[in-house]
1. Is there a pair in Lys146/Lys514; Lys235/Lys286; Lys402/Lys430; Lys402/Lys484; Lys77/Lys286 whose C-alpha atoms are over 30 Å apart, and which pairs would that be?
2. May I ask you to evaluate 6.51 cos²θ - 1.76 cosθ + 1.60, the Karplus curve with θ = phi - 60°, for each residue of segment 126-139 and list the ³J(HN,Hα) values in order in whole Hz, giving x for glycine and proline?
3. Arrange the peptides 128-137, 507-516, 486-495, 318-327 so that the one whose residues have, on average, the most other Cβ atoms within 10 Å appears first.
4. Show me 61-70, 519-528 ranked by packing, highest mean number of other Cβ atoms within 10 Å first.
5. Using modelled amide H (1.01 Å from N, peptide plane; none on Pro or chain starts), what sits under 5 Å from the amide H of Gln226, excluding residues fewer than 5 places away?
6. So how much slack lies between Lys485 and Ala472, counting 0.36 nm per residue of separation and subtracting their Cα-Cα distance, in nm?
7. Top to bottom by accessible area (1.4 Å), largest first, where do His247, His353 land?
8. Please give, to one decimal in nm, the separation of the simple spin-label points placed at Asp360 and Leu379, each 7 Å out from Cα toward the Cβ.
Amino acid sequence: MSSSAGPSLPHRAVSSIRAGDRSSSQALPNAPHTPPRTIVPSAFGSPSTSRTDDDVVVIEVGSRKLRIGFAGDSAPKRIASFGPEQQRRAGDFRAWDSGYQSDWRKRASGKSWGADHELWQLDVRGQDLALIGDKLERELRDAFTKYLLIDSRPRRLTLVLPPTLPIPLISSVFDTAFNRFLSPSISLLSSPVMTALAAGTRSGLVIDIGWHETTVTAVYEFREVQCWRTVRAGKLLVEEAYEFLSHAIQGRPSTARTERTEDKLEDNAVSFEECEEFATRMLWCKRAAKEVPHDTTEGLPTLHEQDESETVTPAEDRSPVAVTLNSCNPPRTVEIPFAELADPCEAVFFEPHLSPCCFDDHELPVPLLAYRALLQLPLDVRAICMARIIFTGGCSNIIGLKGRIFDEVSLLAKERGWDPIRGKGVEQYKTNSKLNRNGSRKSSEGPTPVAIRAENTSTEGETAPPVNPAHALREVDTVEEDIKKGERPIVQGTLRAIDSLGPWSGASMATQLKVPALATIDRELWLQQGVAGACRPSEVDVKAQQRQSMGAGGLIRGQASQASSNWTLGVWGVV
């Protein structure tokens, strides 16, 4: 009898019992394991499962607010505002003390009025750029964790910046993004250009009524032609609202603006938060003093419905409005006539009682600045931009402000025309008949008629009457007529205002459509060279950077931008 055990029968093996009817020659797993299955993302799963690894985060950086969201979304996920509450640390419960709200004067002493509510100022002298980076990092981490629901993986960023942002502030933003968030690259987009894109047009005159200043930017074919600035903006409006409330408390008319910060911390003074809330919720803007003649060439005139019971216009309404002020000591309630609530906007944005020669270049009224901006543009650019006036910015939401600015610009265009030369000598030249006797024929009458000889005359000595070449019939081109059937006529040469979704929405759409940015900065080049390594835009080969290829992970990278170390900051310039 052999001592070696023979092969076990199939019905004696446990594996054959578990395998069922399968043959014993089929390969079986040696250890128990979980069968693989395809994970299909559902609507109830984590949002990170539906997001790809190369999602671009679009950030609009402003002096008071941050707008953060994903490329391709119609609206940002998070709109963060800066204030004193952001500077509190974990475990700081002073906000729940009984006298914390009334002790705002002690916290605001030693600083400029409203400095805690700003991320940066245009005057970078004396500013702590490291503190600006810390504030920016805190808001970005809070937005990434709570609102965008993304992890700490490095992601590409698209920054929407105003064209007047100083280079030191841009450097602080880049250091925060590259060193603390490890972003591989940052793309820069201009705020006025993205505003025009969000309005559905390639050109326009963008009037951005922001916090520090109001900018008027002419955009033509997605390029900034020129930019004009004035200090008449939101910050000046809040200061004017403070003066308005202070004189309403004291019961005397306003005479001069308070310049010293110490005077704004007295017992009768109103806090910055309350002045801003008053300016946002209560102020409104009057209509233009002169009626603007509107052209009704297209269609019938619109009939505006009016309430027959309303007999008093808003500018003449003297009914009192009660305003409760809790920040002054002691708290009180003042009654202000409704018509006087339009005085701060009148004094800040228009200043109608002063001559234009009284203003410096940096403090022109907004309608006069917009008119001069259109006047300085080339003829073809002006014809396109004047038909696409776009208002944006936080202060543009004040009731009646956009319509008033548009009406004032229309009045200036009707009165002065588009002739940049003005003065008494020009008026005398236009009204002097002796100087204009040779050119008395108006341009609207067309060219001078030219007598054309007829080839065949019925009688000798008889000639055909003169024919104006401008009135001659034009031959019909059938091919050109077929092409023009599907085209809409370009609106130009008339003043018109259009709406926009804002610069963040335009940047979101441009990033989703892979539109090349004004400038793209890689992390490696920034860490090696810093802001001093930026070249002028004319020194960079744009055609070479547009030759792109698909790299690892599906990211589009420029071959020439990797091989060459030349990069630029675009319209923001060089050091």
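The values are calculated or read from the model by the stated rules, or taken from the named source; none is laboratory data. What you see is a predicted model, and the numbers here were worked out from it, not measured in a lab. Cβ: placed from backbone, ideal geometry, glycine included. Neighbour counts: every protein chain shown. Calculation scope for accessible area: heavy atoms of the full protein, side chains included, ligands and nucleic acids excluded. Shrake-Rupley method; radii C 1.70, N 1.55, O 1.52, S 1.80 Å.
1. Details: Lys146/Lys514 27 Å; Lys235/Lys286 20 Å; Lys402/Lys430 34 Å; Lys402/Lys484 35 Å; Lys77/Lys286 35 Å.
Flagged as over cut-off: Lys402/Lys430; Lys402/Lys484; Lys77/Lys286.
2. So the J values, rounded to whole Hz, are x, 7, 8, 5, 5, 5, 5, x, 5, 4, 5, 5, 5, 5.
3. In descending order of packing, they fall as 507-516, 128-137, 318-327, 486-495.
4. On the way: 61-70: 20.9, 519-528: 17.8.
Per-residue mean Cβ counts within 10 Å order the peptides as 61-70, 519-528.
5. Result for Gln226 returns Ala218.
6. Details: separation 13, 0.36 × 13 = 4.68 nm, distance 2.36 nm.
Result for the pair: 2.3 nm of gain on full extension.
7. On the way: His247 15, His353 165 Å².
Solvent-accessible surface, decreasing: His353, His247.
8. Going by the 7 Å Cα→Cβ label model, 3.7 nm.
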